[in-house]
Amino acid sequence: MKKLVGLTMIAAVALGSAGLLLGDEANAHGYVESPASRGYQGVLDRNTLGWTEALNKYGNVITNPQSLEAPKGFPAQGPADGRIASANGGLGQIGDYVLDSTGVDRWTKQPAKTGVNTFTWQYTAPHSTSKWHYYITKNGWNPEKPLARENMQLIGEIKHDGSSASNNKSHQVTIPSDHTGYHVVLAVWDVADTPNAFYNVIDLNLTSDGTTPPEEAAPAKPTNLKISAVTTSSLKLTWDTAANASEYNIYRDSKKIGTVSGTQFNDTNLAENTTYSYQVEAVGKTGEVSEKSTAVKGTTQSSAVEDNETPTAPTNLHSMETTATSVDLMWTKSTHFLGVKQYDVYRDGKKITTTTANRFKDTGLKAETTYSYKVKAISLGGNVSEESTAFSVTTKEGSNQQTTWEADKIYNAGDKVFYEGLEYEAKWWTKGNRPDQSDVWKLTSNQVVKWDTNKAYDGGTQVTYQGKTYQAKYWTKGDQPGASSVWEIR
Ligand SMILES: [Cu+2]
């Protein structure tokens, strides 16, 4: 099956991985589900267009809309201009740039109105997160030209507190009222604990919401500030949404320590057995600041306290990259009131390592083999959590690096080599016999080569001779095509 190229091969790969859609693919963490991102629209189109046509239109993203990953730091870093929609072709194992195709009618456009829009993510691995940021094409952009940063403007930033993305799925972003017609929004999810981000473009057909934006009202003072999840070194603040707030400033002992867009904040790196006072203020869209909330006090735990609780079980166990010989495991950190000391990692029921990080690369594995992993957390006091949900993953095919035939090397039956661009398989022990000339080598590349009187051919093999193509009916050697009935003309 070496002849499969181009789209046919992509189709074969895609169909083969159809079962992997639920996110155990390498580097597969999330996508914008609503309004549908370009890649997710491809998934939806599989049902209406069928696989082949959807692959043709969208590329391999239709098997993995959650895999559009590239380095963080947009717009200074991140995918190159012209490669923004495909995140540098960042589909993990198969780079492809189909998503970067351009044209005013190339992509399905989602209807939307200017003004406040809600963008909702679907996370398949909700990593800890620093922020999301949104861009839109500038007025006057050219849909026939590759998407480039200089033609995009920032329209929203959602700051997060470094916790899992799962508590921040929907974002309110304002599309400027002067943007109508076809525009592309770029949504970027900056993961906090890897160097990468996820890049999704959304094709919109914008109509005016018909209203002039209301005068910006002053943000209300945040209320119901509460402290929870207190450990020896951290605590969590939560509060109620304040009217007209676009983000919140957090103060510890009257010093500003952070800004978030949601209504929670994890304060970390605190001293144990210490009391802190917190306040939160709301910030409006134009920067106007509310009164500070009522102060709330919290005291961190003392490590002298008896450890009488088990940590939470690790969650979201997944692979960041799977090769033929390795699986790069990652999971969401466990919590415990005194802290988590370490994690035990199990492969097929056997403990293989202990690690302090929430990541472990298992190496030295066999190709095309399914392994099942579980992780347990251990608290500072030595209490062991429940085990995580098992994560099954199959290593990739063995290296398909080309081994070039060498005259002085011994080959055994089944060994495969390349010679002048074609792949051959040894039928039995051999040394020094050129693959294109000797009987011991069987051509496995699906390609028609010239008939050679010294070679044996199995039934079904095709050759060319004097400009014509022949197929052997059965095993033959030395019978000239055209002169022998073993060869059928094709
Ligand atoms: Cu990950």
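Derivation of every value follows stated rules applied to the coordinates shown; laboratory data play no part. In this text, all values refer to a predicted model and were calculated from it rather than measured experimentally. Every residue, glycine among them, receives a Cβ derived from its backbone with ideal geometry; neighbour counts consider all protein chains shown.
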(Q) For a protection proxy built on the mean count of beta-carbon atoms within 10 angstrom, sort 302-309, 129-136 highest first, please. (A) 129-136, 302-309
Q) In straight Cα distance, which lysines are under 25 Å from residue 72, not counting same-chain residues fewer than 8 positions off? A) 131, 138, 145, 159, 169, 333, 361
Q. Of all the Cα-Cα pairs you can form in region 449-490, what percent are over 16 Å apart?
A. 14
Q: Would you please calculate the Kirkwood hydrodynamic radius of region 410-489 over all C-alpha pairs and express it in Å, rounded to one decimal?
A: 12.8
Q: Collect residues whose amide H, placed 1.01 Å from N in the peptide plane, falls under 5 Å from the amide H of residue 386; neighbours closer than 5 in sequence don't count.
A: 313
Q) Measuring from label point to label point, each 7 Å out along Cα→Cβ, what is the residue 286 to residue 259 span in nm? A) 1.7
Q) If you take every DSSP beta bridge whose two residues both sit in region 6-207, what share of them, in percent to the nearest 5, is antiparallel? A) 90
Q) What percentage of all Cα-Cα pairs in region 335-490 are separated by more than 29 Å? A) 50
Q: Round to the nearest 0.05 the FRET efficiency obtained for residue 238 and residue 386 when R0 = 22 Å and r is the Cβ-Cβ distance.
A: 0.30
Q.
For the chain, what does the helix formula give at 222 nm: sum of -39500 (n - 2.57) over DSSP H segments with n ≥ 4, over the residue count, nearest 500 deg cm²/dmol?
A. -2000 deg cm²/dmol
Q: Apply the Kirkwood formula to the chain: the hydrodynamic radius equals the inverse of the mean of 1/r over all pairs of different alpha-carbon atoms; give it in Å with one decimal.
A: 26.8
Q: Mind putting a number on the dipole of the chain about its Cα centre? Charges go on the C-beta only, +1 for Lys and Arg and -1 for Asp and Glu, and I need it in Debye to the nearest 20.
A: 700
Q: Work out how much length residue 277 to residue 178 would gain on full extension: take 0.36 nm times their residue separation and subtract the Cα-Cα distance, in nm to one decimal.
A: 31.2 nm
Q: Just subtract the alpha-carbon distance of residue 207 and residue 106 from 0.36 nm times their residue separation and send over the number in nm, one decimal.
A: 34.4 nm
Q: Take the Cβ-Cβ distance between residue 297 and residue 347 as r, set R0 to 41 Å, and report the resulting FRET efficiency rounded to the nearest 0.05.
A: 0.35
Q: Using Cα centres only, tell me the gap between region 426-490 and region 173-224 in whole Å.
A: 64
Q | Additional length obtainable on full extension of the chain from residue 488 to residue 410, 0.36 nm per residue less Cα span | A | 24.5 nm
Q. Sorting 185, 43 on the 10 Å Cβ count, fewest up front, what's the list?
A. 43, 185
